[in-house]
Amino acid sequence: MIRGEKLYEGKAKIVYTTDDPDKLWVHFKDEATAFDGKKKGVIENKGYLNAQVSSKLFGVLSRNGVPTHFVRLETPRDMIVRKLEIIPVEVVVRNVVAGSMSKRLGIEEGRKLTQPVLEFYYKSDALGDPWVNESHVLALGWAQAAEVEAIRSMALTVNRVLSKHLGNVGILLVDFKLEFGRTSDGTILLGDEISPDTCRLWDVRSGEKLDKDRFRRDMGGVEDAYEEVLRRLS
Ligand code: ADP
Ligand code: UDP
């Protein structure tokens with residue numbers, strides 16, 4: 001496949017056209033940011049590790065009936081995906097209190113939730129991804145009611161499938177962020193990436209963090225943690 005012009009450079013990936021109008025080429029970068037881009041750094045090998053972990057998890061999901069944009073890995077850190085019109089909403093699913101939920105509600109990190117929590121955030125770097133609810137998504141025309149229902153159901157299925165899959169390799173899926181989009185015929189697919197950048201992953205036995213919180217909180221061992229996730233999934 002031929003890589004075409006650069007369409008968009010984000011904080012973690014670069015998106016290019018290809019010779020197929022329905023497909024995009026996504027390059028995973030080593031650059032890392034946190035706190036709405038205020039903290040910047042490089043995690044050695046991150047692009048490779050996130051492309052590998054994402055492709056494995058997209059594979060698990062499609063084998064379990066969740067339609068995703070993933071087509072194939074073109075190089076170890078370049079992914080071919082179905083082109084989507086991304087819905088500007090970050091969908092967060094939580095099983096355990098952590099991060100912004102802990103801060104916002106004053107509840108200690110690590111408390112298990114009695115059922116999954118689903119949250120929507122408006123995807124806007126300029127505004128710092130503000131929290132919104134389903135009525136905002138509908139009233140602002142970001143998605144139709146049937147699409148929101150499909151997204152909710154897919155997000156909860158992703159949670160069930162990945163919690164089990166990661167649990168089998170000793171990883172607790174604490175929370176994660178998903179993005180969805182529409183193909184040219186309006187089908188909703190899961191897009192973007194699923195990696196230690198976009199999930200909180202804790203070792204079941206030790207509670208050790210195997211995700212981007214090691215970077216956010218200057219804990220060290222970031223690359224080793226991402227490598228450990230890939231090793232367990234391989
Ligand atoms: P950000 O935009 O938050 O800095 P990235 O650096 O990860 O994030 O950039 C990747 C961009 O590609 C994101 O804006 C994401 O919404 C978008 N994207 C992900 N998958 C697809 C897809 N299949 N089709 C079109 N755009 C996509
Ligand atoms: N997340 C993400 N991108 C974002 C915001 C959050 O991938 O722009 C992920 C984050 O890695 C975590 C989950 O979504 O797995 C919930 O994040 P939270 O709301 O707790 O925010 P944070 O503490 O990361 O700022």
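The values are calculated or read from the model by the stated rules, or taken from the named source; none is laboratory data. Note that the structure is predicted; figures quoted are calculated from it, not measured. Ideal geometry is used to build each Cβ from the backbone, glycine not excepted, and the neighbour counts take in all protein chains shown. Ligands, DNA and RNA are stripped out before the accessible areas are found, and what is left, the full protein with its side chains, is counted by its heavy atoms. Shrake-Rupley method; radii C 1.70, N 1.55, O 1.52, S 1.80 Å.
For the reader, a short list of remarks on this structure follows.
- Any chance ASP125 is open to solvent by 70 Å² or more (accessible area, probe 1.4 Å) and either within 14 Å of ligand 1 (Cβ to nearest atom) or under 21 Å from LEU24 (Cβ atoms) (or both): yes
- Residue pairs whose Cβ atoms lie under 6 Å apart, separated by 6 or more positions or on different chains, with the first residue in segment 146-170 and small (Gly, Ala, Ser) and the second open to solvent by less than 30 Å² (accessible area, probe 1.4 Å), are ALA150/ILE188; ALA155/VAL91; ALA155/VAL93; ALA155/LEU178; SER163/LEU173.
- Under the condition of being out of contact with any strand residue (DSSP E or B) (no Cβ under 8 Å at 6 or more places or on another chain) and either open to solvent by 30 Å² or more (accessible area, probe 1.4 Å) or more than 11 Å from ligand 1 (Cβ to nearest atom) (or both), the residues counted in segment 1-46 number 8.
- Flag: THR187 does not match the condition of being open to solvent by less than 30 Å² (accessible area, probe 1.4 Å), more than 14 Å from ligand 2 (Cβ to nearest atom) and either aliphatic (A, V, I, L, M) or more than 17 Å from ARG231 (Cα to Cα) (or both).
- Within segment 87-122, the residues that satisfy the criterion of being part of a loop (DSSP other than H, G, I, E, B) and open to solvent by less than 20 Å² (accessible area, probe 1.4 Å) are ILE87, VAL97, ALA98.
- Hits in segment 209-219 (condition: touching a residue at least 12 places away in the same chain (Cβ under 8 Å) and either open to solvent by less than 30 Å² (accessible area, probe 1.4 Å) or not in a helix (DSSP H, G or I) (or both)): LYS209, LEU210, ASP211, LYS212, ASP213, PHE215
- Test result for PRO67, more than 30 Å from ARG205 (Cβ to Cβ) and out of contact with any strand residue (DSSP E or B) (no Cβ under 6 Å at 6 or more places or on another chain): no
- Scanning segment 62-86 for residues that are hydrophobic (A, V, I, L, M, F, W, C) and either open to solvent by 10 Å² or more (accessible area, probe 1.4 Å) or more than 14 Å from ligand 1 (Cβ to nearest atom) (or both) yields a total of 6.
- Pairs with Cβ under 6 Å, 6+ apart, first in segment 32-50 and over 14 Å from LYS212 (Cα atoms), second away from ligand 1 (no atom under 14 Å from the Cβ): TYR48/PRO76
- Residue among ALA225, ALA139, ALA145, ALA155 that alone is over 19 Å from ASN95 (Cα atoms) and open to solvent by less than 30 Å² (accessible area, probe 1.4 Å): ALA225
- Per the conditions (1) open to solvent by less than 10 Å² (accessible area, probe 1.4 Å); (2) out of contact with any strand residue (DSSP E or B) (no Cβ under 9 Å at 6 or more places or on another chain), the sole criterion not satisfied by LEU178 is (2).
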